[in-house]
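All of the numbers you see were taken from the coordinates with simple rules; none came from a lab. On a predicted model such as this, the values are computed, not experimentally measured, just so you know. FYI the Cβ positions are ideal-geometry reconstructions off the backbone, even for glycines, and counts take in every protein chain you see.
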Amino acid sequence: MTTTLYVFTGTGNSLAAAEFLAQKLGDTVIESIPIRMKKAGVVIPDTNKVGFVFPVNYCGVPFILSEFIPRVSLSHVPYIFAVATAGGIGRYALLQLDKMLKKNGSSLQAGWLVRMVDNYIPYGGAPDEKTQKIFFQMQRACLPTSQTPFRQKRRRCQDFLY
Ligand SMILES: Cc1cc2nc3c(=O)[nH]c(=O)nc-3n(C[C@H](O)[C@H](O)[C@H](O)COP(=O)(O)O)c2cc1C
């Protein structure tokens, strides 16, 4: 395997994004963060690319990420990226993840914010079916794929796409 995707999903958007990404990238393993959290000990991925896929919650990362990141050893991983799915805005979640990784001695090399169906009921919840289909197409167009060149060099987190 060359890529590990650590995934958290509430209602399936981020899982769908991760599955699409895994299919496009090939040679990818998807690991559920909640399931991995149940096992004790340090998490050591044995791939040279690691991605975190998760929903934006309250403009930031879901709480479970803040518990998970300190447990993952990434110092040997040359390429770390993230895909945050959001119903509207959420750039800060990627910056927040980068800060959390830096506290742990690594950093993001790239991050994508992908607009998907909003599952936050107080803000109106999911749009009508036609709009959902448009978001679905947009999401597929936005996600990094095997055609997206993955930069192998460590660099500052500046590859955000909006
Ligand atoms: C508690 C909660 C908070 C959310 N906060 C935001 C937010 O701040 N910004 C945003 O764009 N979307 C927000 N959303 C919408 C989700 O990020 C979005 O629908 C995401 O794609 C859901 O992914 P999932 O199905 O993998 O959980 C929120 C959703 C929930 C349930």
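Laid out as a table, the results:
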item: Helix-only mean residue ellipticity at 222 nm for the chain, each DSSP H run of n ≥ 4 adding -39500 (n - 2.57), per residue, nearest 500; result: -9500 deg cm²/dmol
item: Exposure proxy order (Cβ contacts within 10 Å, fewest to most) of LEU5, LEU25; result: LEU25, LEU5
item: Segment 120-130 - phi-based ³J(HN,Hα) in whole Hz, Karplus 6.51/-1.76/1.60, Gly and Pro as x; result: 8, 4, x, 9, x, x, 5, x, 5, 4, 4
item: Computed FRET value (nearest 0.05) for LYS39 with LYS99, which takes r as the C-beta separation and R₀ as 30 Å; result: 0.70
item: Amide H contacts of VAL72 (H built 1.01 Å from N, under 5 Å, at least 5 apart or other chain); result: VAL43
item: Neighbour-count order for ILE35, ILE134, fewest beta carbons within 10 angstrom listed first; result: ILE35, ILE134
item: ILE30 long-range amide H proximity, modeled H, under 5 Å; result: LEU5
item: 5 Å binning of all Cα-Cα separations within the chain, expressed as whole percents from 0 upward; result: 2, 9, 20, 24, 22, 14, 7, 3, 1, 0
item: Built amide H within the under 5 Å cut-off of ALA126, gap 5+; result: none
item: Karplus 3J(HN,Hα) series, Hz, for segment 99-105 with 6.51 cos²θ - 1.76 cosθ + 1.60 (x for Gly, Pro); result: 4, 5, 5, 4, 4, 9, x
item: Top of ASP128, ASP118, ASP98 by mean-square fluctuation, Gaussian network on the chain, Cα under 10 Å; result: ASP128
item: Under 20 Å from the Cα of LYS102 - lysines, other chains or at least 8 residues apart; result: LYS49, LYS153
